Each structure stands twice: as structure tokens, then as C-alpha cells.
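Novice: Have a look at the structure that comes next, please.
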Amino acid sequence: MSHIALKSGYAELVDRLNRFPQGAPPSETLYKILAMLFSEREAQVVALLPIKPFTARRAARILKMDLTETRNVLDELAGRAILVDTEHDGETTYILPPPMAGFFEFSMMRLRGDVDQKVLGELFYQYLNVEEDFIKALFATGETQLGRTFVHEPVLSSENALHVLDYERASEVIRTASHRGVGVCYCRHKMLHMDRNCDAPMEICMTFNGSAQALIRHDYARSVDVSEGLDLLRQAYEHNLVQFGENVREGVNFICNCCGCCCEAMIAARKFGMLNPVHTTNFLPVVDDTTCNGCGKCANACPVEAMTLVSANDAHKPKERRAKVDEDLCLGCGVCVRTCPGKSLSLRSRPERVITPLNSLHRTIVMAIERGDLQDLIFDNRVLWNHRALAAVLGVILRLPPLKQAMASRQMKSRYLEYLIEHVRV
């Protein structure tokens, strides 16, 4: 009977998580994970918190608790990286991040003794690598995804460089961030407890800006300056790791340095590659058939198995092989170009540029529209929207293409929104 009682105690938290575009499909494994990260009382409290950022004063009204008690509860959760707390003009704002990229990763970003990380890692492996509902919901639903690939900058030619915008460079994210933190790679840490980890560096995954500020303050990340951040990026290049970061142009909060064997994004790209679970760069590799000797180093380095060896179709050399790119699967990261000893690979621009959302609000709203969750995001009765916040959401919707505007209108069933859309079109 204990597992039934446990599940009922955390059911509201699961429902809360699934009101956000990046949800967490319920399973017995998920309830066990949540029970390790939250007390039952904490789960009940978090289930009542708004989807959007909130203050302690707002939370106290929702929870019907004393302000000091509320702040203590929120600070305790932030201290364990369950909530992210940021400070602005002397006031602290809190938000519950989604499971990924969020409190799942944060729980494994440092070595800690208050949680059995071996058991937790095993549960994460079961939930993410054996059970597939979570990964399918996260990476294989909708057109707009959580993350995008950054191009491997050392292999860019002078001509390529002309077509790379600043927000498409991991180095530029590092240089311009207000805060930079580095922590233990969640994916390789998890795989370590399963005896499946590779020898890629562990302390190399980066957080930026407000998220980095909070994680550094609570010792879940180590603060680094620009110089060390760029050194870590060079270390990632040397290990043929792929930079997978937040799918926004402004205010990037994370860049993970991913291997093909451990990292969830790369595993999802192999499993669901035709569904484009990870946004690509604006490049594709090109093979020079006249110089490629079929050594296979590019195929071994490709994290998503988009590079393969095929027959060279030479009657005089029937065993001769050449590299071939599957453009439908390719991330355009450029790792294969770096590994080619004969310089037989180069990058060319894709026929159409990949569209990147402006910021996290833009991306979240588009993801919510595509997944049918917009009404939960806007009409959550715990949010207590102010006019400025609602105006920001409507502003994003009104700048979307007509098809997505129609999808938004149907989900909200709002004559007011329909009026605004028609008025703007006129």
C-alpha cells in the first residue's frame, strides 16, 4: 500500500509539472524521483506555485501562509536547486524550472550527501533511457524544441564565418553573459552510476546569466570568468563534444557539452532524428569524394550517426569506401570536419536558415501553442498575471505566423484574442 500512498501524495505536483510545455509523464519511476527530491509537504507546496516567476509575497497569498514562513520554505527549496531564485532591485523572484533543462539536471550537477545520487541516477536512467514517454514528450513533440546545436567554431572557414551570427556562437554566449558557471555534467554523472559513462570531462557543462547566478550562490555551479569559460570550450572541442544550448537568441541560460553516448539530447537525436528533436545549426558537411579515403573517423565521431561509410562504386577497388552524410539526421555541429585527417570535409550553408526564438518567453509560448498547452500557461489561476506580463504574452502571439495565431486562438477560445489578431492584420 505504501507505493499507492506515495503516488497520491505527489499527484498534484505531477499535474503542476504537466501544465508547462515541458512536462513529465507520470510513472512509478517519476514518483520515486520526486520523493527523493521533495518531501511530501514540499510537493504539496510546489504544486500550488505559479508557472511564471513569483515573489515570496505572492506565494504567501497563494499558500495562505505567513510571509516569513513562506520565504523560509522558498529559500530552502532554492538552496537545493529545486527553485531558481534571482535578485533584482533588492527583491528576490522565484521560479520552478521544468524537469529538463532544470531540477533533474541540477540534482546531479554537484556531488552531494543529502541525496543518494547512485539511486537517483539509476532512477533517472530508468525514466529517461528505458521508459521513453518523457523523452518523446520533451524532444519529439512540436516543431519548436528546448535546445539547439552550436557550430564547432574552429572548423569554420572565412566564408562560413560570414554567415554565423553572434548568438550562434557558444564563445559569444560566454563572452556576453552576466554570470558564468560550470558544473558536473548531469548525463555523464548519471551514466557513471550505471557504469556506462565515457572518458569525456565531467566538470564542463555551463550555465549563464540568472540561472548561473542562482546555482553559483547555492554551490551547484562554480563561477568562472570569460577566459576560463573559453578554455573549457576549447577542451570540449578537443574531446569532440557537441555544444547543445538553450534555443533562444537572447539570455541563453545553458550550454551543455555533449557526447553521443551519455547525453540525452544526442540519444534522442539518434532515436527520433527524423522528427528533429534538436534544432540544427545552419550548416551541413560536404564530402569531397576525390580525396576521401573512407577511414571512418568522421563516422566514429558523429554523435547522431548521421555520417556513414558507403561503397565508392569503383569497379577496380570493390572494397573502397567513402563517407556519406544523411542530411535529415545531421545536426550541422561540424565535429566530423575536425576529425577528418585528409581535410575531405567542409561546411556549407543549409538552403534555409533555422529560426531561433528571441527569448525564453517567445520559445515557451510557441512550444505551448504547438503542444496545445497555451491555455494552461495563460489562464493558470495561480499566476495572478499583471497587465505587463499579459501584454508581453499577447505581443509574442501577435507577431507569430497566421497559422500559429489560429492555433493559439483555438486553444484560448478567446474572442478578444481573435479581435486583436484580426485588428493587427488589418
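Novice: Quick check on residue 34: is it within 27 Å of residue 190 (Cα to Cα), buried (at least 19 other Cβ atoms within 10 Å of the Cβ) and in contact with a Pro (Cβ under 7 Å, 6 or more places away or on another chain)?
Specialist: Against the criterion (within 27 Å of residue 190 (Cα to Cα), buried (at least 19 other Cβ atoms within 10 Å of the Cβ) and in contact with a Pro (Cβ under 7 Å, 6 or more places away or on another chain)), residue 34 does not qualify.
Novice: Right, another one. Of these, 308, 291, 281, which one is under 23 Å from residue 349 (Cα atoms), in contact with a helix residue (DSSP H, G or I) (Cβ under 8 Å, 6 or more places away or on another chain) and surrounded by fewer than 22 Cβ atoms within 10 Å (Cβ to Cβ)?
Specialist: None of the others qualify; the one that does is 308.
Novice: Separate question: Can we say residue 298 is crowded, with 18+ Cβ neighbours inside 10 Å and not assigned by TED's automatic domain parsing to the domain that holds residue 204?
Specialist: Spelling it out, residue 298 is indeed crowded, with 18+ Cβ neighbours inside 10 Å and not assigned by TED's automatic domain parsing to the domain that holds residue 204.
Novice: Report the residue count in the stretch 1-31 for those that are more than 17 Å from residue 100 (Cα to Cα), surrounded by 14 or more Cβ atoms within 10 Å (Cβ to Cβ) and either at pLDDT below 90 or among the hydroxyl-bearing types (Ser, Thr, Tyr) (or both).
Specialist: Of the residues in the stretch 1-31, 4 are more than 17 Å from residue 100 (Cα to Cα), surrounded by 14 or more Cβ atoms within 10 Å (Cβ to Cβ) and either at pLDDT below 90 or among the hydroxyl-bearing types (Ser, Thr, Tyr) (or both).
Novice: With the checklist (1) touching a residue at least 40 places away in the same chain (Cβ under 8 Å); (2) more than 15 Å from residue 105 (Cβ to Cβ); (3) surrounded by 23 or more Cβ atoms within 10 Å (Cβ to Cβ) in hand, flag the one item residue 236 doesn't pass.
Specialist: Condition not satisfied by residue 236: (1).
Novice: Residue 60 is checked against (1) in contact (Cβ under 8 Å) with a residue 60 or more places away in the chain; (2) over 27 Å from residue 120 (Cβ atoms) and fails just one. What number does that condition carry?
Specialist: (1)
Novice: Do the conditions hold for residue 58, that is, is it surrounded by fewer than 17 Cβ atoms within 10 Å (Cβ to Cβ), of a type outside the set (Asp, Glu) and at pLDDT below 95?
Specialist: Considered against the rule, which asks whether it is surrounded by fewer than 17 Cβ atoms within 10 Å (Cβ to Cβ), of a type outside the set (Asp, Glu) and at pLDDT below 95, residue 58 comes out as no.
Novice: Could I ask something else about it? Mind listing whichever residues of the stretch 301-313 are farther than 11 Å from residue 340 by Cβ and touching a strand residue (DSSP E or B) at 6+ places or on another chain (Cβ under 9 Å)?
Specialist: Hits for the stretch 301-313 are 302, 303, 304, 306, 308, 309, 310, 311, 312, 313.
Conditions tested, residue by residue: (1) in contact with a Leu (Cβ under 7 Å, 6 or more places away or on another chain); (2) under 19 Å from residue 339 (Cα atoms).
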site	(1), (2)
135	yes, no
142	no, no
145	no, no
150	no, yes
160	yes, yes
163	no, no
168	no, no
172	no, no
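Novice: Looking at the structure I just gave you, is residue 300 more than 26 Å from residue 121 (Cα to Cα), of a type in the set (S, T, N, Q) and assigned to a loop (DSSP other than H, G, I, E, B)?
Specialist: No, not satisfied.
Novice: Which of the residues spanning the stretch 154-190 are of a type in the set (Gly, Ala, Ser), under 28 Å from residue 344 (Cβ atoms) and surrounded by fewer than 23 Cβ atoms within 10 Å (Cβ to Cβ)?
Specialist: If the condition is that a residue be of a type in the set (Gly, Ala, Ser), under 28 Å from residue 344 (Cβ atoms) and surrounded by fewer than 23 Cβ atoms within 10 Å (Cβ to Cβ), then 157, 158, 161, 171 are the ones that fit.
Novice: Still on this structure, please answer the following. Determine which member of the set 128, 146, 123, 162 is at pLDDT below 90 and under 25 Å from residue 80 (Cα atoms).
Specialist: 146
The values are calculated or read from the model by the stated rules, or taken from the named source; none is laboratory data. All values reported here derive from a predicted model rather than from experimental measurement. Every residue, glycine among them, receives a Cβ derived from its backbone with ideal geometry; neighbour counts consider all protein chains shown.
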